[in-house]
Amino acid sequence: MEFLSYLISGISLGSIYAIIALGYTMVYGIAKMLNFAHGDVIMVGGYISFCVVTYLGLPGWLSVVVAMLVCTALGILIEGLAYKPLRQAPSLAVLITAIGVSYFLQNSALLIWGASPKVYTPIVSGQIEMFGGSLKISWVTVVTVVICFIIAVGLTSFISKSRMGKAMRACSEDKGAAQLMGINVNRTISTTFAIGSALAAVAGVLLCSFSPSLMPTTGSMPGIKAFTAAVFGGIGSIPGAFLGGILLGIIESLAKAYISTQLSNAILFAVLIIVLLVRPAGLLGKYVPEKV
Amino acid sequence: MKKLIALVLALSMSLSLLAGCGSTEESEAPATEETGEATEDAGNDAQPGTTTETSDATPFKIGCTGPLTGDAAIYGIAVKNAIELAVEEINGLGSDIQFEFQAEDDVADGETAVNAYNVLMDWGMQILLGTVTSGACISVAAETYEDRVFTLTPSASSTDVLAGNDNVFQVCFSDPNQGAGSAVYMANNMADAKIAVIYRNDDAYSQGIRDTFISEAEVQGLDVVYEGTFTEDTQTDFSVQLTAAEAAGADTVFLPIYYQPASVILNQAAQIGYAPTFFGVDGMDGILTMEGFDTSLAEGVMLLTPFSADSDEPMTQAFVEKYQERYGEIPNQFAADGYDAVYIAYMALQEAGCTSDMSAEEICEALISVMPTITYSGLTGQGLTWNEEGEVSKDPLAVVIKDGAYVIPE
């Protein structure tokens with residue numbers, strides 16, 4: 001029965017990684033850049049939700065909506081100010097800029113909210129008991145998994161069915177050709193960032209509900225792990241990010257329970273290395289040979 | 001593609017290393033403000049050539065390093081506030097001994113603390129009333145031993161702080177005392193408890209208390225059913241440890257850790273509906289004042305502390321009233337330790353007949369010889385004495401959190 005508990009807490013943690021990884025993978029797949037500031041947008045989402053609940057006294061669900069709106073605006077702003085001017089620059093320059101943005105967000109949060117940790121009140125509380133109380137699942141877990149699943153399915157159908165999704169896929173294949181076909185590449189990329197940042201806000205709220213300690217560095221470690229999850233599942237692939245996130249969460253939880261807490265992160269990254277050795281493009285990624 | 005991923009992984013690794021340093025940026029600013037104020041206050045009494053009877057009433061320069069920002073900021077700020085309060089009181093007495101005080105931020109990190117200490121040394125510090133946290137204090141104590149600066153730490157409780165350093169003394173009780181004290185308390189009051197221990201094994205404070213707790217628990221015949229660990233990187237998720245503790249049948253969870261991870265543990269335990277008796281040590285102090293913390297979660301949490309703000313001792317009441325009036329919150333144990341530290345230093349200086357024109361080294365030698373001979377009664381205990389190693393004799397006191405306040409359990 002404990003095994004089942006560990007598995008469930010792993011899936012719950014993994015769902016959060018998956019939502020973050022979806023944001024990473026979408027931006028990478030379409031804009032071909034790694035948005036390292038993604039983890040910090042999550043942190044901003046958490047703080048916004050915290051402030052709305054604590055200082056304005058509004059209900060939890062409303063704080064999610066506010067956090068999503070603020071993060072969407074923030075995502076578009078970051079893209080417009082920091083990344084758009086570098087559209088033609090080498091990918092390394094964009095990468096460094098993303099790291100800069102990440103630090104900018106962290107230190108801004110430090111100035112605005114201070115360094116002492118805030119305790120986030122989970123948006124849902126309580127638990128379900130099963131098998132006569134021997135298995136307990138918290139509502140946070142249930143909500144997290146359900147939301148993650150809805151987002152993954154919704155995003156997949158958005159990208160494969162809608163007009164904007166088609167435009168995104170076109171940009172991903174070839175920006176130049178897409179522009180020739182009358183697609184507004186800049187707007188498409190901005191939309192991608194907007195969606196990615198809204199997802200980050202949701203992830204922030206869920207992350208803080210799961211682990212209710214909010215600091216300016218809250219987003220960095222989950223951000224790095226979710227990036228690992230995205231690479232693990234095959235970066236650029238949405239089902240891959242989903243699968244990678246969940247698997248990573250389960251590995252982390254079981255490694256903690258049965259091997260060692262200290263080594264759990266090391267085991268996590270070791271699995272990534274092994275997967276990349278065997279399948280360089282990740283679990284579900286497509287291997288595209290590049291001419292150098 | 002492969003190259004890009006390799007590059008990115010390397011970058012993300014260095015990012016994760018740097019992530020820890022993120023919070024150290026704004027260290028200097030708050031400290032300097034306070035200094036200005038302190039200098040002014042002290043200056044009034046210490047003007048040479050004015051009507052003050054003694055010409056040698058230049059103040060002793062005392063310093064403190066502690067986490068004024070970051071995870072453990074509540075401790076550093078409490079100690080700093082209380083020292084300021086005590087310094088003002090002593091300067092107001094008009095005796096020969098006057099103090100000038102400066103605090104530096106060390107974010108509870110060893111390396112930053114040594115830098116903060118060097119800043120204080122450049123300022124001309126003669127006595128160090130610090131460092132606030134154990135880990136940082138171990139690094140600083142090595143320096144003060146070399147430089148021969150008398151060090152009286154209000155709250156660094158690890159014995160490693162004292163080991164081999166004849167110039168370091170503690171105001172708080174040491175980790176072995178806390179670990180063993182907790183085990184003895186449990187053996188006397190909750191003998192048939194099934195105990196789980198969750199501790200941070202990359203932290204000297206937590207590991208130290210856990211070690212002495214476990215060895216004393218064996219002596220006392222306590223039943224420890226589970227031990228879970230975590231590290232700095234994994235202190236955001238305790239679902240695995242809590243599930244395992246519950247599965248092992250633990251009805252008491254001993255938490256020799258700081259309040260920030262403890263708040264996560266209390267929250268996550270509530271989420272899975274696990275409600276054992278949580279038992280903390282002095283690091284748990286501060287949990288009730290965390291922003292956004294639902295104090296009902298801490299209902300029934302027990303902890304060891306030498307100071308309870310709702311005691312009816314007149315001295316405690318006067319201190320609590322003054323502190324609250326000035327800083328708008330109820331002082332915790334760390335504040336009490338800081339306040340006592342100043343008075344202990346004052347008493348020892350008087351006893352040793354030190355004057356402020358003596359060098360830090362002369363003061364250090366004088367105080368080392370006088371410390372084992374003095375007996376002090378203050379906020380954190382009556383009749384405190386010190387041994388040559390610098391350990392204080394005082395008894396830890398168990399309190400339980402009830403309606404958001406500490407009360408003595410019946």
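At a 10 angstrom cut-off on C-beta neighbours, averaged per residue, how do the peptides A:7-13, B:312-318, B:366-372 rank from highest to lowest?
Working: A:7-13: 23.7, B:312-318: 11.7, B:366-372: 18.4.
The packing order, highest mean first, is A:7-13, B:366-372, B:312-318.
Of the trypsin sites (Lys or Arg not before Pro) found in segment B:173-215, no site is in coil according to DSSP while having at most 11 other Cβ atoms within 10 Å of its Cβ.
Residues of B:268-279, mean number of Cβ from any other protein chain within 10 Å of their own Cβ, rounded to a whole number?
4
Within the shell of other residues whose beta carbon sits under 14 angstrom from the beta carbon of residue B:347, the net charge comes to -4, with Lys and Arg scored +1 and Asp and Glu -1. Taking amide hydrogens as placed 1.01 Å from N in the peptide plane, the amide H of residue B:227 sits under 5 Å from those of B:197, each at least 5 positions away in sequence or on another chain.
Among the listed pairs A:225/B:194; A:256/B:80; B:80/B:394; B:322/B:402, a Cα-Cα separation exceeding 27 Å is found for A:225/B:194; A:256/B:80.
Across peptide A:106-115, what mean number of C-beta atoms from other chains lies inside 10 Å of a residue's C-beta? Spell out each step's value before the answer.
Values: counts 4, 4, 0, 1, 7, 2, 0, 1, 6, 13.
Taking the mean over all residues of the peptide, I get 4.
Stick to the Cα atoms of segment A:216-270, pair each with every other, and give me the Kirkwood hydrodynamic radius in Å at one decimal. Walk me through the numbers on the way to the answer.
Details: mean 1/r = 0.0875 Å⁻¹.
Radius from the Kirkwood sum: 11.4 Å.
Amide H to amide H, with H built 1.01 Å from N, residue B:280 comes under 5 Å of B:255, B:302, B:303, B:304, counting only residues 5 or more places away or on other chains. Could you work out how far helix A:60-78 tilts from the main Cα principal axis of chain A, as a 0 to 90 degree angle to the nearest 10? Computed tilt is about 30 degrees. For segment B:176-305, the C-alpha radius of gyration divided by 2.2 N^0.38 Å, with N the number of residues, is 0.95. In a fully extended conformation the segment linking residue A:3 and residue A:149 would gain 50.3 nm over its present Cα-Cα distance, using 0.36 nm per residue. Amide H contacts of residue B:99 (H built 1.01 Å from N, in plane; Pro and chain starts excluded): B:60, B:91 sit under 5 Å, all sequence-distant by 5 or more or on other chains.
If you line up the long axis of helix B:314-327 against the longest principal axis of chain B, both from Cα atoms, how many degrees apart are they, to the nearest 10? In chain B, helix B:314-327 runs at an angle near 90 degrees to the longest axis.
Ranking B:131, A:97 by Cβ neighbours within 10 Å, fewest first, what do you get?
Numbers: B:131 34, A:97 21.
Lowest count first: A:97, B:131.
Here the Karplus curve 6.51 cos²θ - 1.76 cosθ + 1.60, taken at θ = phi - 60°, turns the phi angles of segment A:157-163 into couplings of 6, 4, 6, 8, 9, 6, 4 Hz, with x standing for Gly and Pro.
Please find, in a Gaussian network model of chain B (springs between Cα atoms separated by less than 10 Å), the residue of B:240, B:87, B:281 whose mean-square fluctuation is greatest. The residue with the greatest mean-square fluctuation here is B:240. By the count of neighbouring beta-carbon atoms within 10 Å, fewest first, B:61, A:84 end up ordered A:84, B:61.
Whole-percent P(r), segment B:129-204, all Cα pairs, 5 Å bins from 0: 3, 16, 22, 19, 13, 11, 8, 5, 2, 1, 0. Taking the number of Cβ atoms within 10 Å of each Cβ as an exposure proxy, the fewest-first ranking of A:187, A:169 is A:187, A:169.
Residue-wise HN-Hα couplings along segment B:163-176, as the Karplus relation 6.51 cos²θ - 1.76 cosθ + 1.60 with θ = phi - 60° gives them from phi, are 3, x, 9, 6, 9, 10, 10, 10, 9, 7, 6, 7, 3, x Hz; Gly and Pro carry x.
Sequentially through segment B:192-205, phi angles give Karplus couplings (6.51, -1.76, 1.60; θ = phi - 60°) of 9, 5, 9, 10, 10, 10, 10, 9, 9, 8, 10, 10, 4, 4 Hz, Gly and Pro residues having no value and appearing as x. Angle of helix B:28-46 to the longest C-alpha principal axis of chain B, folded into 0 to 90 degrees and rounded to 10: 30°.
With the gyration tensor restricted to C-alpha atoms of chain A, the semi-axes of the equivalent ellipsoid amount to 30, 24, 18 Å, longest first. Across segment A:153-292, Cα pairs under 8 Å and at least six residues apart give a relative contact order of 17 percent.
Kirkwood Rh over alpha-carbon pairs of segment B:302-342, then Stokes-Einstein at 37 °C and 0.692 mPa s: what D in µm² s⁻¹, rounded to an integer?
Details: Rh = 10.5 Å.
Approximately 312 µm²/s, per Stokes-Einstein.
For segment A:1-134, the gyration tensor built on C-alpha atoms gives an oblate shape. Its axis ratio a/c (a ≥ b ≥ c) is at least 1.5, and a/b is not larger than b/c.
Compute the signed sum of charges (Lys and Arg +1, Asp and Glu -1) over the other residues within less than 14 Å, Cβ to Cβ, of residue B:377. List each step's numbers first, then the result.
Working: positive: B:394; negative: B:313, B:340, B:395.
That works out to -2.
With loop membership from DSSP and a limit of 15 other Cβ atoms within 10 Å, the longest segment of chain A without chymotrypsin sites (Phe, Trp or Tyr not before Pro) is A:132-286. What the Kirkwood sum gives for segment A:198-292 is a hydrodynamic radius of 14.3 Å, with every pair of different alpha carbons counted. This model, with +1 at the C-beta of Lys and Arg and -1 at the C-beta of Asp and Glu, gives chain A a dipole about its Cα centre of some 680 debye. Defining a contact as two alpha carbons under 8 Å apart and six or more residues distant in sequence, what relative contact order in percent does chain B show? Over chain B, the number comes to 16 percent.
If you count, for every residue in A:118-125, the Cβ atoms of partner chains within 10 Å of its Cβ, what is the mean? If you can, show how the numbers build up before the last one.
Working: counts 5, 12, 4, 5, 5, 0, 1, 5.
That works out to 5 on average.
Within the shell of other residues whose beta carbon sits under 14 angstrom from the beta carbon of residue B:221, the net charge comes to -3, with Lys and Arg scored +1 and Asp and Glu -1. The fraction of Cα-Cα pairs per 20 angstrom bin, counted from 0 for chain B, comes to 27, 55, 17, 1, 0 percent, rounded to whole percents.
Across the protein assembly as shown, the volume of the C-alpha convex hull divided among the residues equals 168 Å³ per residue.
FYI, it's all coordinate maths here, none of it is from the lab. For clarity, every value in this text was computed on a predicted model and none was experimentally measured. Note that we place each Cβ from the backbone using ideal geometry, even for glycine, and neighbour counts take in every protein chain shown.
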